[in-house]
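Notes follow the structure.
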Amino acid sequence: MKYQAVVFDLDGTLTDSVHGVIRSTRYALEKMNWPVPDDKMLRGFLGPPLATSFMEYCGMSNAQAIEGTRLYRERYNTIGWRENAVFPGIRQLLWALKRQGAYLSVATGKPQNASERILEYFGMTDYFNQIAGPTPDDFFANKRDLIDRSLGGQNRGKTIMIGDRASDIIAAHEHGIDSVAVLFGYGSRDEMTQSRPTYLAENVIDLFDILGVSYPEFPGYFISLEGNDGCGKSTQTALLVDWMKAGGYDLVRTREPGGSEVAEKIRHLLLDRENMGMQDMTEALLYAAARAQHVRDVIMPALSNGKVVISDRYVDSSIAYQGAGRQLGMDVVEQINAPAINGCLPNVTLLLRMGAQEALHRRESASQVDRIEMMDNDFHKRVEQAFDQLAKQHPARIAPIDASGGIEDIAQRIRLTVHDKMRKAGMY
Ligand code: TYD
């Protein structure tokens, strides 16, 4: 590792925030009845203090620029901040640098509270020793001071600043530290070259070379989602996937029964309403057979490549549905599945719990039900109780989630649980 301390800019360096910033800027200008520049010019707003850009690009006075910033925040703080994604590879870079003991900090022109909220949302705060942004009423923050604050006012050894705008590089010069201008952010190549950085990085991979760290063997992480039919699992799986992708994880989304070519064929056999004569034991063995294929084709290879795997249902479904629902015995079904999963258990299983009545209501209002979903209420009650029993047996792996209330509230509960589990597993 060539540097003991690495200072990162946020927007355009760690995260791609272009949509949130452009939409919120446009919102502010429209509210002020000010002519809105084209998107190309609006991209220039990313990086320097917003008030400076309002004056420079829109010809506003000082007071108007402050009013523009206030309006911008009206939208940004409610919606815009989440229209954001971590650049691919950045999480892996931070992970590798932290493991090598580097001092990591953020020096950003975005207000401190907004910056912390974004980094926390993506589960990134743990990587950094210090996050420095201006207070909300500091409309023309100086980047050099921010770098200084992000270093805690101390000399941290050989230090480098990484940023995507000339202001980042100029501040690094003023500070007497090396700098990298990244070209995947919002500064043009001309702007960045003219600011005379120590290095230019076309992409995140270049940053690994410049900083002298190798691309890490990121550990895989396996998340399954479980719950009764009608618990809202599919919606929540989709939201979890979007959030983790935006958080910079290399991710594989899959489902059971199915998930790979052969397993999907078995799925068809299992859910087909014409197969009403299927024996319960046949059903249990087919679920296990589909799983044996899925684990070997998809889950294990992805995990050994350091990916996050998110599976909509896994082995607990068999234990609950065939073991308890079909009354084959939870132990029996667990044993049938042992050779199928070959020790491959999720790191965390999110068990979406919803009152039996509410889930029943949801199932009843579904337009099309499959062979399992059409089972009677007692069947689903047994399944629900079995899931609860499994959660008690495996408290370290299975996290019950209250799946009642609004979609966003449930999603937030899931995010917090995943954060907590990943943190404890040393994934940050
Ligand atoms: P699917 O439509 O994928 O599930 P969901 O309703 O959760 O979106 O259908 C899967 C059905 O198969 C569901 O009713 C649960 C059932 N199932 C089992 O009975 N055993 C199992 O091992 C698995 C994985 C699913």
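The values are calculated or read from the model by the stated rules, or taken from the named source; none is laboratory data. None of these values were measured; they are calculated from a predicted model. Backbone-built Cβ (ideal geometry, glycine too); neighbour counts: all protein chains shown.
Among the residues of the stretch 253-293, just one is of a type in the set (S, T, Y), more than 8 Å from the ligand (Cβ to nearest atom) and in contact with a Ser or Thr (Cβ under 6 Å, 6 or more places away or on another chain), namely T254.
In the set G176, G152, G133, G157, only one residue is outside the structural domain of A51 (by TED's automatic domain parsing) and buried (at least 18 other Cβ atoms within 10 Å of the Cβ); that residue is G133. Applying the condition of being polar (S, T, N, Q) and at pLDDT 95 or above to the stretch 31-61 and asking which residue is surrounded by the most Cβ atoms within 10 Å (Cβ to Cβ) yields S61. Scanning the stretch 88-134 for residues that are free of Cβ contacts under 8 Å to residues at least 12 places away in the same chain and of a type in the set (A, V, I, L, M) gives no hits. Considering only residues in the stretch 118-160 that are of a type in the set (G, A, S) and part of a loop (DSSP other than H, G, I, E, B), the one that is farthest from R82 (Cα to Cα) turns out to be G157.
Can you go through R291, R296, R255 and tell me which one is in contact with a strand residue (DSSP E or B) (Cβ under 7 Å, 6 or more places away or on another chain) and either under 18 Å from I414 (Cβ atoms) or at pLDDT 95 or above (or both)?
R255
Here the stretch 211-252 is the region considered, the condition is being assigned to a helix (DSSP H, G or I) and out of contact with any strand residue (DSSP E or B) (no Cβ under 7 Å at 6 or more places or on another chain), and the residue that is farthest from the ligand (Cβ to nearest atom) is W243.
In the stretch 239-288, the residue that is surrounded by the fewest Cβ atoms within 10 Å (Cβ to Cβ) out of those that are closer than 30 Å to G89 by Cβ and polar (S, T, N, Q) is S260.
Identify, please: which residue in the stretch 306-350 is surrounded by 24 or more Cβ atoms within 10 Å (Cβ to Cβ) and of a type in the set (A, V, I, L, M) and is, among those, farthest from the ligand (Cβ to nearest atom)? Going through the qualifying residues, I end up with V308. What's the total number of residues in the stretch 70-101 that are surrounded by fewer than 23 Cβ atoms within 10 Å (Cβ to Cβ) and either part of a loop (DSSP other than H, G, I, E, B) or in contact with a Pro (Cβ under 9 Å, 6 or more places away or on another chain) (or both)? So the answer is 15.
Please verify whether A51 is in contact with a Ser or Thr (Cβ under 8 Å, 6 or more places away or on another chain), farther than 30 Å from I205 by Cα and in contact (Cβ under 8 Å) with a residue 24 or more places away in the chain, treating the condition exactly as stated. Yes. Annotation note: Cβ proximity below 6 Å between a residue of the stretch 244-257 that is charged (D, E, K, R) and a residue that is within 16 Å of the ligand (Cβ to nearest atom) (sequence gap 6+ or interchain) occurs for R253/V241; R253/I310; R255/D312; E256/R313; E256/Y314.
Considering every residue within the stretch 342-364, establish whether at least one is part of a helix (DSSP H, G or I), touching a helix residue (DSSP H, G or I) at 6+ places or on another chain (Cβ under 9 Å), among the polar types (S, T, N, Q) and under 20 Å from A391 (Cβ atoms). If you could, list the steps in order and put the result at the bottom.
Applying the first criterion (part of a helix (DSSP H, G or I)) to the stretch 342-364 yields 356-364.
Pick out the ones that are also touching a helix residue (DSSP H, G or I) at 6+ places or on another chain (Cβ under 9 Å) and you get 356, 359-360, 363.
Filter once more, so that each one left must be among the polar types (S, T, N, Q): none.
Looking for residues that are part of a helix (DSSP H, G or I), touching a helix residue (DSSP H, G or I) at 6+ places or on another chain (Cβ under 9 Å), among the polar types (S, T, N, Q) and under 20 Å from A391 (Cβ atoms), one finds none in the stretch 342-364, hence no.
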